[in-house]
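A short worksheet on the structure shown next.
The values are calculated or read from the model by the stated rules, or taken from the named source; none is laboratory data. Note that the structure is a prediction, hence the values are computed from the model and not measured. Positions of Cβ are generated from backbone atoms using ideal geometry, with glycine treated the same way; all protein chains shown enter the neighbour counts. These area figures cover heavy atoms from the full protein model, side chains too; ligands, DNA and RNA do not enter into them. Shrake-Rupley method; radii C 1.70, N 1.55, O 1.52, S 1.80 Å.
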Amino acid sequence: MATKRLIPQLHPNDYTFPDPEDASDEGLLAWGGDLKPERLLRAYVQGIFPWFNEGDPILWWSPDPRLVLFPSDIKISKSLIKSMKHFEIHYDTCFEQVMRLCLETRLAKGQKSWISEDLIAAFCTLHVKGFAHSVECFFEDELVGGLYGLYLGGVFCGESMFSIKRDASKAALVGLCKKLKSLGGDFIDCQLPTDHLQSLGASVIPREKFLAMLENALENCTTKAW
């Protein structure tokens with residue numbers, strides 16, 4: 001029988017988080033607080049991320065297991081190779097638009113999204129500060145796919161991706177892997193396991209191993225700036 005745990009509420013003026021290993025069986029670690037850039041940075045360097053639906057309190061997660069993608073492990077199918085010949089990959093040319101399209105494409109499919117106006121504002125601030133980045137996929141000068149996340153000490157913390165043309169988000173992910181390899185980055189944090197990302201080469205690892213990898217990457221960062 002699973003043991004019930006009291007999920008702590010974060011103090012509005014204190015950016016301290018509980019130990020990620022103290023998360024519930026589902027991965028829920030804490031609730032409350034805010035989405036200020038400073039709190040988000042404090043969370044991500046500890047392997048914690050916000051994930052909640054509109055109208056719910058802010059929920060902070062540290063799931064076990066975790067999904068990661070090493071740039072050299074990306075799987076590129078023959079059909080994707082063909083598609084990529086028609087795409088152009090850019091970086092950081094329309095960050096906010098990528099975030100909003102990640103939101104809009106989910107809503108258009110009838111899915112819920114954690115990408116609120118507060119989160120968009122916070123990540124745009126982190127983008128200006130050089131922490132948050134986007135990868136964009138263009139087809140005939142139209143933005144048709146992309147992704148965004150935080151680049152911290154050689155680790156790219158992936159947040160969301162979208163595609164309005166077949167293979168566009170996959171092409172953006174390939175572009176991210178190429179970028180990370182050129183910077184000497186360690187790995188991409190894909191957060192929660194999904195069949196889609198695993199089919200592209202992502203691996204499921206225990207949270208304990210993930211946290212150790214994250215700490216090592218941050219402490220021994222030898223990567224170039226984005």
Residue, nearest to residue 11 (Cα to Cα), within segment 45-80, restricted to residues that are without any contact (Cβ under 8 Å) to a residue 60 or more places away in the chain and small (Gly, Ala, Ser):
55
Residues that are surrounded by fewer than 16 Cβ atoms within 10 Å (Cβ to Cβ), under 21 Å from the mean Cα position of the chain (by Cα), at pLDDT 95 or above and charged (D, E, K, R): does segment 44-66 have at least one?
no
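Does residue 107 qualify as being in the same structural domain as residue 214 (by the TED database), of a type in the set (A, V, I, L, M, F, W, C), within 17 Å of residue 164 (Cβ to Cβ) and without any contact (Cβ under 8 Å) to a residue 40 or more places away in the chain?
Yes, satisfied.
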I'd like to check something: does segment 71-84 contain any residue that is at pLDDT 95 or above, open to solvent by 60 Å² or more (accessible area, probe 1.4 Å), assigned by the TED database to the domain that holds residue 183 and not in a helix (DSSP H, G or I)?
yes
Has segment 154-175 got any residue that is open to solvent by 20 Å² or more (accessible area, probe 1.4 Å), modelled with pLDDT under 95 and either part of a helix (DSSP H, G or I) or not assigned by the TED database to the domain that holds residue 57 (or both)?
no
Candidate set from segment 88-128 (those that are assigned to a helix (DSSP H, G or I) and of a type in the set (Gly, Ala, Ser)); member that is surrounded by the most Cβ atoms within 10 Å (Cβ to Cβ):
122
Hey, residue 209 open to solvent by 60 Å² or more (accessible area, probe 1.4 Å) and more than 15 Å from the chain's Cα centre (by Cα) or not:
yes
Qualifying position, being aliphatic (A, V, I, L, M), touching a Gly at 6+ places or on another chain (Cβ under 7 Å) and over 27 Å from residue 216 (Cα atoms), among 172, 108, 121, 168:
168
With criteria (1) closer than 21 Å to residue 49 by Cβ; (2) part of a strand (DSSP E or B), residue 145 comes up short on (1)
Under the condition of being under 18 Å from residue 153 (Cβ atoms) and crowded, with 16+ Cβ neighbours inside 10 Å, which residue from segment 16-38 is nearest to the chain's Cα centre (by Cα)?
37
What single numbered condition from (1) open to solvent by 10 Å² or more (accessible area, probe 1.4 Å); (2) touching a helix residue (DSSP H, G or I) at 6+ places or on another chain (Cβ under 6 Å) fails to hold for residue 146?
(1)
